[in-house]
2 protein chains.
Amino acid sequence: METLNVALFGFGTIGTGVAKLLFNHKDRIIRVTGKNVCLVKICDTNITGTRDVDVPRGVLTTDADSIFNDPNIHIGIELIGGLEPARTFVLRLLESGKDVITANKALLAQHGAELFNAARKYNRTIAFEASVCGGIPLLNALQTALQANSFQSITAIVNGTCNYILSQMESGKTAYKDAVAQAQKLGYAEADPAMDVNGTDSAQKLAILAQIAFGASADWQLIPRTGIEAVDAIDFRYAKELGYRIKLLAAAVRSTEGLELHVSPTLVKADNPLAKVRDAFNAVRAVGDAVGPVFFQGLGAGQMPTASAVVGDIIDTVLGRTAITFRTLNLWKTEQAAVLKSPNEFFGKSYLRFKVEDQPGVMHEITGILGKQNISIASMIQHEPDEESPHDDAVLILTTHECREGGLLTAIETLESLPAVLGKVVRLRVQR
Amino acid sequence: METLNVALFGFGTIGTGVAKLLFNHKDRIIRVTGKNVCLVKICDTNITGTRDVDVPRGVLTTDADSIFNDPNIHIGIELIGGLEPARTFVLRLLESGKDVITANKALLAQHGAELFNAARKYNRTIAFEASVCGGIPLLNALQTALQANSFQSITAIVNGTCNYILSQMESGKTAYKDAVAQAQKLGYAEADPAMDVNGTDSAQKLAILAQIAFGASADWQLIPRTGIEAVDAIDFRYAKELGYRIKLLAAAVRSTEGLELHVSPTLVKADNPLAKVRDAFNAVRAVGDAVGPVFFQGLGAGQMPTASAVVGDIIDTVLGRTAITFRTLNLWKTEQAAVLKSPNEFFGKSYLRFKVEDQPGVMHEITGILGKQNISIASMIQHEPDEESPHDDAVLILTTHECREGGLLTAIETLESLPAVLGKVVRLRVQR
């Protein structure tokens, strides 16, 4: 039986999960691949801490060079996260003739073109199923079984931490700060959850999805994004009143004028499967012109779901399926670029919440500003002042019909400049 | 550019969909495969009817031999359905050196071993994504991205016709017969829907899933199955009262003693994603030991969703991914056989509905019979006679805790022999 040696960079939670599968379920991988896939090196700066897996003597190392320089190592798995040294390590793995597997969405979103071009140059492959939606076999499906489709849209909950926090807040019993603390306690959120809650993580994953499903090279930093900090407890109540739930959605929507990409807390109709995705689950709704809507749900993070995707990639790489897919799709080729719509030209529905002074003529003024931007109102809520919910005082909720983003942003700016409008206008998107 | 010729058998609804994609979206397939994939022959006994696609002159034929004998045809697509001549045609395609793509679950469930052994003998492949859950990229996911898992269970709604009928009945406004008629009108149900509603179709698909996910060679005819004819309108009301919906589930559940396979109308907790799958949608919940629960939903039948899966298989076959997967999994190898549990040893919860005469001592007798078989009651409903719902009179609903199937069947037989029990006991499964 042929032996294939694998090295792992990054011995954290996911790395430990991958080591568990490779050490404890060797039989499973041999049965599928017909090859003896050996995890021969695990490289980390900290190799003294205890992990929940038995590692054979000589496997742990702090010396990355010993891996790059070993011609008997065929596959390198990058689970360090972040940009450096992950980028340098991946480039060195490719240069030294090794195929790469990574779970690093930030790295791909930022340096996808450089890394994929390097892989093409050295005739190597990069597999990255774990980088978006962890255990959900989404990238694989988009790259293989659904290839006969032209995709119309992909709408996804790609950040389990945010979904957990929103689910907790929706229950009505947990405030934002407490929900964040709870997510940290459960290991969903990082010590610094900023990249999750401000939409960065979702935008990076959306850039990868746009590349795969639409061949679009999008700079993730230019994807308009609103984080979940924008959402207040009362938004859940108003959303419910209007028949919606609130989810942080990463959306790619194709129209004749180009591709819309955005990340935003979004009102989703209560009967949409995405509305029912709770806790730390991820979910994706892709609409293809042949297949229609396809919906996937699963654990997007966590040790074993992510390790499942990484080891799936190892198997695909060993068997040669990755090579075929990699060659076929030509991802992050510089000549490739679908037309991205400018954010001002986005076209969709919105939810606006703001406080107004209770005085004659205010509504007339507000509706005039909206009308001037061709924005038509779909629904409106203003509750009578109520002793039981005093924070409702003079809160005005508007949802719009589909309108141009540019006009909406101008209208919001004008509204905020009105003396009768108190504070900022909170704007969430509404799912079509 | 290399040309690859494809022939299609069966020019019905699905065949027309495949022809649409191959003729009208040639560019899409060229972009992915780098090859000119040409649909050169469409064979059917009826080639005079009009279809919703323009077919170039010379493509339509009634002469199957002309395809088998043409060495320039590389791939044959079997969309005839049923056992013969589909079986003979597939064997002849393989013998004549052509790879095969089929959407025929009955054929695979019945003759999988024969066909796969023939493919191995002639060094050809069979791809069959469309045979289970149409457009959902399920078989692909189980065979590739999820390969690092050992599966614990697969629970699925694999028959869109039945799901449509149950959804209609659940709304409370449609009787079984009307729902069936409506399904036929919408093109979901066949003129003779017997194979759908009696669970045959689901059992055949379950046999294929058992093969792929558990390596289990199951005779589909031996899979215990109950059709949806068993379900009455009042069962939806009682199920709702207990917090459940009713779905026709095909289930494969692994335990230390072996694999349980069964098809049955099943009470599913209202918050389970499977409970929310409506109309003609299919859905699958697979639980892997690493990935945890993964949920898929999509259109399981219909022209374009099924064609999406068939053309996905064409692309995979042309690119060589099918060859890798086919060789790797060794499906329907005769030496391969997971232990199937005997139905009497199944272990699960049940819902029982039957009529009892309203007389002293009856409940005592019933609970005695159940107790004797070690069956413990989880919940019980008996409504007071009510003028508004006279059909409730003396209807008794019992749900059980987990119990041995053999004991339950003995208990049901004994109950039915009691003078105080009127008619048959209706038994549905309850999802764990």
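The values are calculated or read from the model by the stated rules, or taken from the named source; none is laboratory data. Everything numeric here is computed off the predicted structure, so don't read it as measured data. Counting neighbours? That spans all protein chains shown, and the Cβs are built from the backbone with ideal geometry, glycine included. Heads up: the accessible areas ignore ligands, DNA and RNA and are worked out on the full protein's heavy atoms, side chains in. Shrake-Rupley method; radii C 1.70, N 1.55, O 1.52, S 1.80 Å.
In the set (1) touching a helix residue (DSSP H, G or I) at 6+ places or on another chain (Cβ under 8 Å); (2) open to solvent by less than 40 Å² (accessible area, probe 1.4 Å); (3) hydroxyl-bearing (Ser, Thr, Tyr), A:Ser153 fails one condition alone, (1). So, in region A:254-263, of the ones that are surrounded by fewer than 24 Cβ atoms within 10 Å (Cβ to Cβ) and touching a Leu at 6+ places or on another chain (Cβ under 7 Å), which residue ends up farthest from the other protein chains (Cβ to nearest Cβ)? Once the filter is applied, the top-ranked residue is A:Gly258. Suppose the filter is open to solvent by 10 Å² or more (accessible area, probe 1.4 Å) and touching a Leu at 6+ places or on another chain (Cβ under 8 Å); does B:Gln147 pass it? So B:Gln147 fails the test.
Sort out which residues of region A:290-301 are in contact (Cβ under 8 Å) with a residue 12 or more places away in the chain and facing chain B (nearest Cβ under 8 Å), and write them in order of number. Across region A:290-301, the qualifying residues are A:Ala290, A:Val291, A:Val294, A:Phe295, A:Phe296, A:Gln297, A:Gly298, A:Leu299.
So which residues in region B:226-249 are of a type in the set (Asp, Glu) and in a loop (DSSP other than H, G, I, E, B)? Once the filter is applied, which keeps residues that are of a type in the set (Asp, Glu) and in a loop (DSSP other than H, G, I, E, B), region B:226-249 yields only B:Asp232. Selection of region A:34-46 for residues being within 14 Å of another protein chain (Cβ to nearest Cβ) and at pLDDT 95 or above yields A:Lys35, A:Val37, A:Leu39.
Here A:Pro71 passes the criteria (1) under 30 Å from A:Gln204 (Cα atoms); (2) open to solvent by 30 Å² or more (accessible area, probe 1.4 Å); (3) not β-branched (Val, Ile, Thr) except the one numbered (1). Among the residues in region B:302-309, are any in contact with a Lys or Arg (Cβ under 9 Å, 6 or more places away or on another chain), open to solvent by 20 Å² or more (accessible area, probe 1.4 Å) and under 30 Å from B:Ala19 (Cα atoms)? Checked against the condition, which is being in contact with a Lys or Arg (Cβ under 9 Å, 6 or more places away or on another chain), open to solvent by 20 Å² or more (accessible area, probe 1.4 Å) and under 30 Å from B:Ala19 (Cα atoms), region B:302-309 yields at least one hit.
Any chance region B:218-225 includes a residue that's open to solvent by less than 10 Å² (accessible area, probe 1.4 Å), part of a strand (DSSP E or B) and in the same structural domain as B:Gly187 (by TED's automatic domain parsing)? The answer is no; no qualifying residue exists. Per the conditions (1) touching a helix residue (DSSP H, G or I) at 6+ places or on another chain (Cβ under 9 Å); (2) within 14 Å of chain A (Cβ to nearest Cβ), the sole criterion not satisfied by B:Ala233 is (2).
When the residues of region B:115-127 are filtered to those that are open to solvent by less than 10 Å² (accessible area, probe 1.4 Å) and in contact with a helix residue (DSSP H, G or I) (Cβ under 6 Å, 6 or more places away or on another chain), the one that is nearest to the other protein chains (Cβ to nearest Cβ) is B:Ala127.
Annotation note: of A:Val90, A:Val40, A:Val132, the sole residue that is among the hydrophobic types (A, V, I, L, M, F, W, C) and surrounded by fewer than 24 Cβ atoms within 10 Å (Cβ to Cβ) is A:Val40.
When each of A:Gly76, A:Gly112 is tested for being open to solvent by less than 20 Å² (accessible area, probe 1.4 Å) and assigned to a helix (DSSP H, G or I), the lone residue that passes is A:Gly112. Quick one: in region A:144-161, which of the residues that are assigned to a loop (DSSP other than H, G, I, E, B) and more than 14 Å from chain B (Cβ to nearest Cβ) is nearest to the chain's Cα centre (by Cα)? Ranking the qualifying residues of region A:144-161, first place goes to A:Val158.
For region A:269-288, how many residues meet the condition of being within 8 Å of chain B (Cβ to nearest Cβ) and either part of a loop (DSSP other than H, G, I, E, B) or at pLDDT below 95 (or both)? Here the count works out to 2. On inspection, B:Ile397 passes the criterion of being open to solvent by less than 40 Å² (accessible area, probe 1.4 Å) and not assigned by TED's automatic domain parsing to the domain that holds B:Ala251. A:Tyr164 meets the conditions (1) assigned to a helix (DSSP H, G or I); (2) crowded, with 24+ Cβ neighbours inside 10 Å in every case but one. The failed one is (2).
One residue stands out among those in region A:128-143 that are out of contact with any Gly (no Cβ under 6 Å at 6 or more places or on another chain) and among the small types (Gly, Ala, Ser): the one that is nearest to the other protein chains (Cβ to nearest Cβ), which is A:Ala141.
Restricting attention to region B:410-432, the residues being crowded, with 16+ Cβ neighbours inside 10 Å and touching a residue at least 60 places away in the same chain (Cβ under 8 Å) number 11. Against the test of being farther than 16 Å from A:Val6 by Cα and either in the same structural domain as A:Val37 (by TED's automatic domain parsing) or touching a residue at least 24 places away in the same chain (Cβ under 8 Å) (or both), the options A:Leu94, A:Leu79, A:Leu107 yield a single qualifying residue, A:Leu107.
Taking (1) under 23 Å from the mean Cα position of the chain (by Cα); (2) open to solvent by 20 Å² or more (accessible area, probe 1.4 Å); (3) under 27 Å from B:Gly76 (Cα atoms) in turn, B:Val339 satisfies each apart from (3). Taking B:Ala307 as meeting all but one of (1) over 16 Å from B:Phe128 (Cα atoms); (2) touching a Leu at 6+ places or on another chain (Cβ under 6 Å); (3) facing chain A (nearest Cβ under 9 Å), write down the number of the exception. Going through the list (1) over 16 Å from B:Phe128 (Cα atoms); (2) touching a Leu at 6+ places or on another chain (Cβ under 6 Å); (3) facing chain A (nearest Cβ under 9 Å), B:Ala307 breaks only (1). When B:Ile136 is tested against (1) farther than 27 Å from B:Thr200 by Cα; (2) in a loop (DSSP other than H, G, I, E, B), exactly one condition is not met: (1). Can you confirm whether region A:172-180 contains a residue that is touching a residue at least 40 places away in the same chain (Cβ under 8 Å), closer than 30 Å to B:Ile315 by Cα and either out of contact with any Asp or Glu (no Cβ under 9 Å at 6 or more places or on another chain) or open to solvent by less than 10 Å² (accessible area, probe 1.4 Å) (or both)? Within region A:172-180 (the criterion being touching a residue at least 40 places away in the same chain (Cβ under 8 Å), closer than 30 Å to B:Ile315 by Cα and either out of contact with any Asp or Glu (no Cβ under 9 Å at 6 or more places or on another chain) or open to solvent by less than 10 Å² (accessible area, probe 1.4 Å) (or both)), the answer is no, since none of the residues qualifies. If you go through region B:310-339 and pick out every residue that is facing chain A (nearest Cβ under 7 Å) and aliphatic (A, V, I, L, M), you end up with 4. Return the residues of region B:95-114 that are aliphatic (A, V, I, L, M) and away from chain A (no Cβ under 14 Å); say none if nothing qualifies. Once the filter is applied, which keeps residues that are aliphatic (A, V, I, L, M) and away from chain A (no Cβ under 14 Å), region B:95-114 yields B:Val100, B:Ala106, B:Leu107, B:Leu108, B:Ala109, B:Ala113. When region A:249-282 is filtered for residues that are among the hydrophobic types (A, V, I, L, M, F, W, C) and without any contact (Cβ under 8 Å) to a residue 60 or more places away in the chain, the ones remaining, listed by number, are A:Ala270, A:Ala275. Just give me the residues in region B:16-31 being within 10 Å of chain A (Cβ to nearest Cβ), surrounded by fewer than 20 Cβ atoms within 10 Å (Cβ to Cβ) and touching a residue at least 12 places away in the same chain (Cβ under 8 Å), in sequence order. Scanning region B:16-31 gives a single hit, B:Lys20.
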